[in-house]
1. Could you work out what % of the accessible surface of segment 1-61 is carbon and sulfur, using a 1.4 angstrom probe and leaving DNA, RNA and ligands out of the count?
2. Evaluated at 20 °C with a viscosity of 1.002 mPa s, what Stokes-Einstein diffusion coefficient in µm²/s does segment 165-209 have when Rh comes from the Kirkwood expression over alpha-carbon pairs?
3. Where nothing but the Cβ of Lys and Arg (+1) and of Asp and Glu (-1) is charged, how large is the charge dipole of segment 250-356 around its Cα centre, in debye to the nearest 20?
4. How about segment 268-356: which GluC sites (Glu not before Pro) there are in a DSSP loop, with at most 14 other Cβ atoms within 10 Å of their Cβ?
5. Pop the C-beta distance of GLN33 and ALA343 into the FRET formula with R0 = 30 Å and round what comes out to the nearest 0.05.
6. So which trypsin sites (Lys or Arg not before Pro) in segment 156-209 pass both tests, a DSSP loop state and at most 16 other Cβ atoms within 10 Å of the Cβ?
7. On the accessible surface of segment 255-356, probed at 1.4 Å, how many percent belong to carbon and sulfur atoms?
Amino acid sequence: MMQEEAGVLKEGFLVKRGHIVRNWKVRWFVLLQDKLLYYKIEGGKKEPSPKGRILLDGCTITCPCLEYENRPLLIKLKTKTNTDYFLECCSREERDSWALDITGAIHAGHPVQVQELHRMKNSFKLLDNISLYDIVERMYDSSTGIKLTRNLDQGNRYKETFTGSSLVDWLISNSFAVSRFEAVTLASMLMDENFIRPVGTRSTEAMRFSDPSEKFLDDSTALYMFAENGKKNTSSKEEVQFNISELSGKIVKQGFLVKQGHKRKNWKVRRFVLRADPAFLHYYDPTKEENKPVGGFSLRGCLVSALEDNGVPAGVKGNVQGNLFKIITKNDIHYYIQASSKAERVQWIEAIKPLT
């Protein structure tokens, strides 16, 4: 390990916006006490020297950051020299974990602030047996879901909207929350995850506040709508059928893994999403804004196994980091995937096996 990496607090893949060319690239991030290093991944292996570093002294952090509509899982860091860094995670849990650890490093000399952060993070927990997807599905129900109405705001007429207070009422009446504070927190989560979005002046202006309880308004004049209702539906019939049949399962696990290509045999970081009922493993290009899989396969009849780390196994090309595992589909297609650690490899294999 490099001298600069002594005292590692956290490490893993994040998607970073470029400074000059505003494209998005996957980088390997290493959090230290006073800085955040990021590395380029070449051929499935981390380069020995960091590509860049973010000095945390005097940094301010914004999480959630909603500056990019199609990237709801962003963290924004502003250095004391006013340089902005946008970092994207693969899930809300991962985003909150990174934000908490980075904030802890920024305020390392102020333990009271760190304790307050932990208290806020643990002040409201979504029930284990309920997911945000379940809530949104119930919201859509034509008989028991949230009532959608036309509303007028500043001369603009909006179709199929609901007010902040009506959503709070609905969440409490359906036992997703026991108090208005919890319901507002839950509604904020739905907004952070891009399930719902603000429309009209009142609710949009509230997005400027950093306090989650002030971003979503328990107010009869604040308007919201389902996020997908505000976008053009360009899906073909085939794409809709693909979404319904394969992407309807419950998400069991998701995260960044490195995958070997089938044709060029090069290694690319992909966001993997494991679903059950039906059991599918899909992978996405995390640098792209559209949330569509670039590949995937049914897990029924698959074989999954770890590969030895001593030497390069047959079928694997390039100088890889290790922690490899292989999935063979029932059609005898071989997928070679690399986790970031032995523990992560074990977690993925144990999550996949029961679904095969």
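1. Details: 1600 of 3180 Å².
Whole-percent figure for carbon plus sulfur exposure: 50.
2. Working: Rh = 11.0 Å.
So the translational diffusion coefficient is about 195 µm²/s.
3. Details: 19 positive and 9 negative charges, 49 e Å.
I would put it at about 240 debye.
4. Details: sites: GLU289, GLU290, GLU308, GLU344, GLU350; in loops: GLU289, GLU290, GLU308.
Hits after loop and neighbour filter: GLU289, GLU290, GLU308.
5. So, using R0 = 30 Å, E works out to roughly 0.80.
6. On the way: sites: ARG157, LYS159, ARG180, ARG202, ARG208; in loops: ARG208.
In loop regions of segment 156-209 (DSSP not H, G, I, E or B), the sparsely surrounded trypsin sites (Lys or Arg not before Pro) are ARG208.
7. Details: 2430 of 5100 Å².
The computed percentage sits at 48.
The values are calculated or read from the model by the stated rules, or taken from the named source; none is laboratory data. Because the structure is predicted, anything quoted here is derived from the model rather than measured. All Cβ positions, glycine included, derive from the backbone under ideal geometry; neighbour counts span all protein chains shown. The protein model used for the area step is the full one, side chains on, heavy atoms only, and it has no ligands, DNA or RNA in it. Shrake-Rupley method; radii C 1.70, N 1.55, O 1.52, S 1.80 Å.
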